[in-house]
Amino acid sequence: MTIPSDLSAYHANKIFIIGLPRTGTTSVSVALLEHGLTVAHQAFTKQAFMLADAVSDAPCFSDYQQLDKLFPTARFVYLDRSLDKWIPSMQMLLGRMLVHLDKQTGRFHPIMKRSFEHCFKIWNVVEPADADHLRKCYLAHQQQVNEYFAGRDNFISLDISQTGALTQLLAFIGLNSPLPSAKKLDFPRLNMGRNVASWDEYKHPNKVSANASGPERRQFFNYSL
């Protein structure tokens with residue numbers, strides 16, 4: 001893949017959160033906002049990727065290999081969550097989202113639809129929210145991520161429910177904690193239970209719109225999965 005010349009000024013220090021939905025992407029995004037980064041929770045235009053220091057959720061969880069080539073100095077953060085908690089949370093999310101992810105009639109952005117289809121095969125199974133199906137999708141994604149980044153120093157895997165996970169992330173991306181190093185920071189607990197709109201409700205000047213328009217209007221990168 002050829003790296004577009006207009007991206008040359010945007011390579012340094014990019015952070016891509018590549019955990020699947022319901023693994024803590026909102027909590028991580030808000031934490032990074034609070035530590036001074038510009039953040040896009042989902043990015044569907046090239047300009048959104050250019051403006052954001054960090055991008056999470058769709059399409060990062062499906063497009064990490066392509067983003068790795070476009071942004072060769074970026075860092076990648078995988079989010080792990082116990083399956084006994086992730087599966088029911090994902091089932092709840094799909095219960096709300098599937099109608100909007102329909103290939104023909106769904107109102108969600110085509111890139112979001114593509115990301116969900118790529119990782120969850122929502123257009124090719126009878127019951128996308130079936131527990132066994134979701135378990136297989138989660139484990140397949142986890143295995144693919146771990147194999148792709150094996151031996152790389154620009155990759156980290158975190159479970160945000162673990163004590164000190166935020167401290168670990170800040171050290172990984174080169175941000176100093178405002179607290180003494182002995183104090184282990186935890187992530188804010190957002191988007192819990194049946195709440196799926198915390199990001200939209202959270203107000204912060206560093207938020208980057210997923211549909212940000214730039215010199216090429218709202219064009220996306222020219223790659224395919």
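The values are calculated or read from the model by the stated rules, or taken from the named source; none is laboratory data. All figures in this text were calculated on a predicted structure; none of them were measured in a lab. Every residue, glycine as well, gets a Cβ built from its backbone with ideal geometry; the counts of neighbours run over all protein chains shown. All accessible areas refer to the heavy atoms of the entire protein, side chains included, with ligands and DNA or RNA removed. Shrake-Rupley method; radii C 1.70, N 1.55, O 1.52, S 1.80 Å.
Which of the residues belonging to segment 99-127 are in contact (Cβ under 8 Å) with a residue 12 or more places away in the chain and in a loop (DSSP other than H, G, I, E, B)?
Hits for segment 99-127 are Lys103, His109, Lys121, Ile122, Trp123.
Taking segment 148-174, which residues are among the acidic types (Asp, Glu) and open to solvent by less than 70 Å² (accessible area, probe 1.4 Å)? Spell out the reasoning first.
If we filter segment 148-174 for residues that are among the acidic types (Asp, Glu), which is where we start, we get 153, 159.
The one that is among the acidic types (Asp, Glu) and open to solvent by less than 70 Å² (accessible area, probe 1.4 Å): Asp159.
In this structure, does Phe116 turn out to be modelled with pLDDT of 95 or more, open to solvent by less than 80 Å² (accessible area, probe 1.4 Å) and within 19 Å of Thr23 (Cβ to Cβ)?
Details: modelled with pLDDT of 95 or more: yes; open to solvent by less than 80 Å² (accessible area, probe 1.4 Å): yes; within 19 Å of Thr23 (Cβ to Cβ): yes.
Criteria met by Phe116.
Which of the residues that make up segment 66-86 are outside any loop (DSSP other than H, G, I, E, B), out of contact with any strand residue (DSSP E or B) (no Cβ under 8 Å at 6 or more places or on another chain) and either open to solvent by 10 Å² or more (accessible area, probe 1.4 Å) or over 23 Å from Ala165 (Cα atoms) (or both)? Even if it seems obvious, please write down each step before you answer.
Pass one, segment 66-86, residues outside any loop (DSSP other than H, G, I, E, B): 66-70, 75-79, 83-86.
Still in the list and also out of contact with any strand residue (DSSP E or B) (no Cβ under 8 Å at 6 or more places or on another chain): 66, 69-70, 83-86.
Within segment 66-86, Gln66, Lys69, Leu70, Leu83, Asp84, Lys85 qualify.
Looking at segment 19-27, is at least one residue modelled with pLDDT of 95 or more and hydrophobic (A, V, I, L, M, F, W, C)?
Scanning segment 19-27 turns up at least one residue that is modelled with pLDDT of 95 or more and hydrophobic (A, V, I, L, M, F, W, C).
So, in segment 31-65, exactly how many residues are open to solvent by 30 Å² or more (accessible area, probe 1.4 Å) and assigned to a helix (DSSP H, G or I)?
The first filter runs over segment 31-65 and keeps only residues open to solvent by 30 Å² or more (accessible area, probe 1.4 Å), leaving 34-36, 38, 42, 47, 51, 53, 65.
When the remaining residues are screened for being assigned to a helix (DSSP H, G or I), the result is 34, 47, 51, 65.
Here the count works out to 4.
Please list, ordered by first then second residue, the pairs with beta carbon atoms under 7 Å, 6 or more apart or interchain, first in segment 142-163 and under 23 Å from Val30 (Cα atoms) and among the charged types (D, E, K, R), second at pLDDT 95 or above and not in a strand (DSSP E or B).
From segment 142-163, the pairs are Asp159/Asp80; Asp159/Arg81.
Taking segment 193-215 on its own, how many of its residues are open to solvent by less than 70 Å² (accessible area, probe 1.4 Å), more than 21 Å from His35 (Cα to Cα) and modelled with pLDDT of 80 or more?
Matching residues across segment 193-215 total 4.
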